[in-house]
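Visitor: Okay, here's the structure, questions in a sec.
Just so it is clear, none of the values below were taken in a lab; they were calculated from the coordinates. Note that this is a predicted model, so its numbers are computed, not measured. Counting neighbours? That spans all protein chains shown, and the Cβs are built from the backbone with ideal geometry, glycine included.
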Amino acid sequence: MSRTDQYIGLTRAAESYVSERERLATTPLEGAFGNSFDLGTWAGDNGSVLKEVVQAAPWSSGPMYFTCLKMDWGNGSFAKIFCWVLDPTIKSEFDYERGHYWV
């Protein structure tokens, strides 16, 4: 069996949320098997910054990188938004549209 890094990324709702925003930077994520993925950073509202961060990395023939957005207000306060939801009722490992996963 082949092992590999699997970048799943943001939920569809999170992708939609950042699609209209100014992309400020990317940060490389080095996978367990030598792959590299770019995590985005975007301008938020009222001076905040939205950073894509790894929310979970469960294993299924290698790590699956589920990401969410970390809203940083620059004053030491932040919130994770558009997070993936663990849902044992879904029929596949993940569902972008619903933002649910079960691995």
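Visitor: Within the stretch 27-45, take every residue that is under 19 Å from Phe78 (Cβ atoms) and not small (Gly, Ala, Ser) and give me the one that is farthest from the chain's Cα centre (by Cα).
Guide: Asp45
Visitor: Among the residues in the stretch 16-32, are any in contact (Cβ under 8 Å) with a residue 24 or more places away in the chain and assigned to a helix (DSSP H, G or I)?
Guide: Yes, some residue in the stretch 16-32 is in contact (Cβ under 8 Å) with a residue 24 or more places away in the chain and assigned to a helix (DSSP H, G or I).
Visitor: So which residues in the stretch 38-87 are outside any strand (DSSP E or B) and under 14 Å from Tyr7 (Cα atoms), if there are any at all?
Guide: Ala57, Pro58, Ser60, Ser61, Gly62, Trp84
Visitor: Scan the stretch 52-67 for residues that are in contact (Cβ under 8 Å) with a residue 12 or more places away in the chain and over 14 Å from Thr27 (Cα atoms) and jot them down.
Guide: Within the stretch 52-67, Gln55, Ala56, Pro58, Trp59, Ser60, Ser61, Gly62, Pro63, Met64, Tyr65, Phe66 qualify.
Visitor: Quick one: which of Gly47, Gly40 is of a type in the set (Gly, Ala, Ser) and surrounded by 13 or more Cβ atoms within 10 Å (Cβ to Cβ)?
Guide: Sole residue among the options that is of a type in the set (Gly, Ala, Ser) and surrounded by 13 or more Cβ atoms within 10 Å (Cβ to Cβ): Gly40.
Visitor: Would you confirm whether any residue within the stretch 91-100 is assigned to a helix (DSSP H, G or I), out of contact with any Gly (no Cβ under 8 Å at 6 or more places or on another chain) and among the aromatic types (Phe, Trp, Tyr)?
Guide: no
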